[in-house]
Amino acid sequence: MSKRLTLKLMMGDETKKHLDVHEDCTYEQLLNDLEINPETVLVLHEGQAVALDANVDSGNVSILKIVSGG
């Protein structure tokens with residue numbers, strides 16, 4: 001069985017797409033599948049930060065690029 005989610009990538013340009021993921025997929029696995037380094041982003045589900053080892057939930061997921069500098 002799979003879960004459907006709307007993914008918004010905010011990494012410079014904003015991209016929105018719909019994805020189906022496996023029932024037991026974690027946010028870390030999702031980032032790996034998208035070839036995104038988990039250390040460079042913040043993942044939100046319905047506007048709330050999520051742990052990368054949590055299972056992906058259906059709904060709206062946003063991936064925000066973290067920018068730092070000195």
per DSSP, antiparallel bridges as share of beta bridges in region 2-65, % nearest 5, sits at 75 percent
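Loop only by DSSP, 12 or fewer other Cβ within 10 Å of the Cβ. Give me the GluC sites (Glu not before Pro) in region 7-37 that pass, ordered by residue number.
For GluC sites (Glu not before Pro) across region 7-37 that sit outside H, G, I, E and B with at most 12 neighbouring Cβ atoms in 10 Å, the list reads 23, 35.
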Using Cα pairs closer than 8 Å and at least 6 residues apart in sequence, work out the relative contact order for the chain, in percent.
-> 39 percent
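Quick one: 13, 24, fewest Cβ neighbours within 10 Å first, how do they rank? Working shown, then result.
Details: 13 6, 24 10.
By the 10 Å Cβ count, ascending: 13, 24.
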With θ set to phi - 60°, apply the Karplus curve 6.51 cos²θ - 1.76 cosθ + 1.60 along region 51-56 and write out the HN-Hα couplings as whole Hz, x wherever there is a Gly or Pro.
-> 6, 5, 8, 7, 6, 5
Under the rule of -39500 (n - 2.57) per DSSP H run of 4 or more residues, summed and divided by the residues of the chain, what mean residue ellipticity at 222 nm is obtained, to the nearest 500 deg cm²/dmol?
-> -2500 deg cm²/dmol
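Give me 22, 45 ranked fewest to most by other Cβ atoms within 10 Å of their Cβ, as a rough exposure proxy.
Numbers: 22 13, 45 17.
Exposure proxy ranking, most exposed first: 22, 45.
The numbers here are math on the coordinates, done by the rules we state, and not lab data. Here the structure is a predicted model, which is why all the values come from computation and not from measurement. Neighbour counts run over all protein chains shown; Cβ positions are idealised from the backbone, glycine included.
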